[in-house]
Amino acid sequence: RLKYFAIDLGVAMQLTNICRDINEDAEINRVYLPKDMINLPIDSFKNPTKENIKKINLVRNTLLTLANNYYESGDKGIAHLPSKTARAVLIASRLYQNIGIKILNTNSSYVSQRVYLNKFEKIKITLKLLLKFNYKKDIENHNEVLHLSLVKLPDAHVK
């Protein structure tokens, strides 16, 4: 049952990566944003109009908000890993999640400088986690709705 939560954590981190790197990916002629959310030619990412910047940022923000749902689910599985492993995975997860949160909170444009966490932010997040780390015994039920778009992939949790 833990594999569903692991898949969710992977989805969350990949969404964050996609959203953080929109501009860099466009520079090498790649776009990973879902076409059903925004179907623009690569040039619209490289040399965007103000309107396209707004559209792309809106899709990015929507995906980052969605990623937070996947991080929340992933956390439920992390708590059941061996303690040392759980702490390491949770720190990596939370650092990545906070990149997305920083993008949302600063409302920076995808064409702006790449958003990252500085050393102080990383230390603060890590210390907070270590102080409140909670090892759980009972595994919560997985939210199948999170896997509806993964239905054709192996190990997806869809009936």
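No lab work stands behind these numbers, since they all come straight from the coordinates. What you see is a predicted model, and the numbers here were worked out from it, not measured in a lab. Positions of Cβ are backbone-derived with ideal geometry, glycine not excepted, and every protein chain shown enters the neighbour counts.
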Scope region 103-129; condition under 16 Å from V59 (Cα atoms), touching a residue at least 12 places away in the same chain (Cβ under 8 Å) and assigned to a helix (DSSP H, G or I); matching residues:
I103, L104
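Taking the options I78, I99, I91, name whichever one is buried (at least 16 other Cβ atoms within 10 Å of the Cβ), of a type in the set (A, V, I, L, M) and without any contact (Cβ under 8 Å) to a residue 60 or more places away in the chain.
Numbers: I78 fails: without any contact (Cβ under 8 Å) to a residue 60 or more places away in the chain; I99 fails: without any contact (Cβ under 8 Å) to a residue 60 or more places away in the chain.
Only one candidate qualifies: I91.
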Anything in region 18-32 that is surrounded by 15 or more Cβ atoms within 10 Å (Cβ to Cβ), free of Cβ contacts under 8 Å to residues at least 40 places away in the same chain and assigned to a helix (DSSP H, G or I)? List them, or say none.
D25, A26
Only one of (1) loosely packed, with under 13 Cβ neighbours inside 10 Å; (2) in a helix (DSSP H, G or I) fails for Y70. Which number is that?
(1)
